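Okay, so here's the structure we're looking at.
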Amino acid sequence: MMARWSRRRTRVLGDVVSVLVVASALALPAWLWLLHDALGSALDARGSGSVVLFLEPGEDAAAIERRLRADGPLQASEFLDAAAARQAFAEFLGLEPDAPGLQGLELPPTLTVQLPAGLEAAASAARVEGWERLPGVASLWWDRAELERSQALYRSLRRIGLGLTLVLVAAGLAIVAGSVAGRMAQERPTITVLTLLGANDGFILRPHLVHSVLLGVLAAALAALLLTLGAQALATPLAAIQQALGVAVAAPQVGAGALLALFFAAPLLAGGTTALVVGWQLEQMRRGDGRA
């Protein structure tokens with residue numbers, strides 16, 4: 001009686017650990033990929049950086065913009081004449097345009113263009129360097145370091161997400177495989193009797209497969225709960241990203257498609273792993289019994 005209770009407790013504990021590990025293996029990478037997509041959307045909205053061109057007085061800004069667009073598309077553009085540039089500069093300083101020190105300040109007209117999203121820093125740099133030599137452009141300003149920093153963060157999130165996904169999914173599958181192998185070892189006498197009575201592999205596999213699929217559904221439900229309730233956990237990294245990049249990153253939303261993917265992936269992985277382990281264990285039993 002005590003031995004039976006001990007085996008049952010071990011099984012329940014193994015099932016709980018399996019559900020927790022598989023749920024974590026699904027939820028944590030999913031949050032990283034959602035954060036990765038949110039950052040990508042924010043960077044796409046901002047484009048590949050803004051370039052401010054300081055024009056010579058009297059130059060035709062529309063003609064210069066046409067020459068810029070001849071090199072490739074632009075995401076947005078804004079022209080400020082000398083008066084508007086002085087007012088924008090005063091607003092940036094938090095002063096009135098006619099404040100002492102700003103009276104009589106002559107600023108060149110500026111043309112601010114936003115590079116399209118998806119450009120690598122090297123490609124953007126090659127394009128911007130040619131603009132500085134355009135007739136009518138006195139100088140320009142472009143923060144290449146900011147673009148490189150944001151793109152590096154985006155690539156790092158993608159690598160971390162991929163690596164974490166592989167490691168956690170492998171850990172989850174290993175836990176499921178170990179749990180199935182343990183159940184098979186405990187039930188070996190029963191399985192031996194069933195095979196002698198003519199039971200095929202499918203008959204023996206069926207209860208293990210149903211058990212693992214149900215555990216997969218529970219793990220998917222727990223992962224979905226973690227994804228839905230875990231928005232607060234991303235508040236700190238989102239604030240750090242916004243402060244570092246100066247770009248508004250919206251909190252990722254868990255859609256119905258992501259939840260359906262969880263409820264499809266978890267039972268499929270658990271069931272597939274169970275089928276492989278049970279098939280391998282049955283083959284080992286036949287060889288050990290001399291019935292290969």
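Worth a mention:
- Candidate set: the stretch 182-209, residues that are of a type in the set (A, V, I, L, M) and buried (at least 16 other Cβ atoms within 10 Å of the Cβ); chosen: the one farthest from the chain's Cα centre (by Cα): Ile191
- Of all the numbered requirements in (1) over 40 Å from the mean Cα position of the chain (by Cα); (2) modelled with pLDDT of 80 or more, Gly101 misses one, and that requirement is (2).
- For the stretch 142-162, a residue qualifies if it is without any contact (Cβ under 8 Å) to a residue 12 or more places away in the chain and either over 18 Å from Leu269 (Cβ atoms) or of a type in the set (Lys, Arg) (or both), and the qualifying residues are Ala145, Ala152, Arg155, Ser156, Arg159.
For every residue, the table says whether it meets (1) of a type in the set (A, V, I, L, M); (2) modelled with pLDDT under 70; (3) closer than 30 Å to Leu162 by Cβ.
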site: Arg46; (1), (2), (3): no, yes, yes
site: Ala70; (1), (2), (3): yes, no, no
site: Gln75; (1), (2), (3): no, no, yes
site: Ala82; (1), (2), (3): yes, no, no
site: Phe92; (1), (2), (3): no, yes, no
site: Pro116; (1), (2), (3): no, no, yes
site: Trp131; (1), (2), (3): no, no, no
site: Ala138; (1), (2), (3): yes, no, no
site: Glu146; (1), (2), (3): no, yes, yes
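- From Leu140, Leu164, Leu173, residue being outside any helix (DSSP H, G or I) and surrounded by 14 or more Cβ atoms within 10 Å (Cβ to Cβ): Leu140
The values are calculated or read from the model by the stated rules, or taken from the named source; none is laboratory data. Not measured: the values here are computed from a predicted model. Counting neighbours? That spans all protein chains shown, and the Cβs are built from the backbone with ideal geometry, glycine included.
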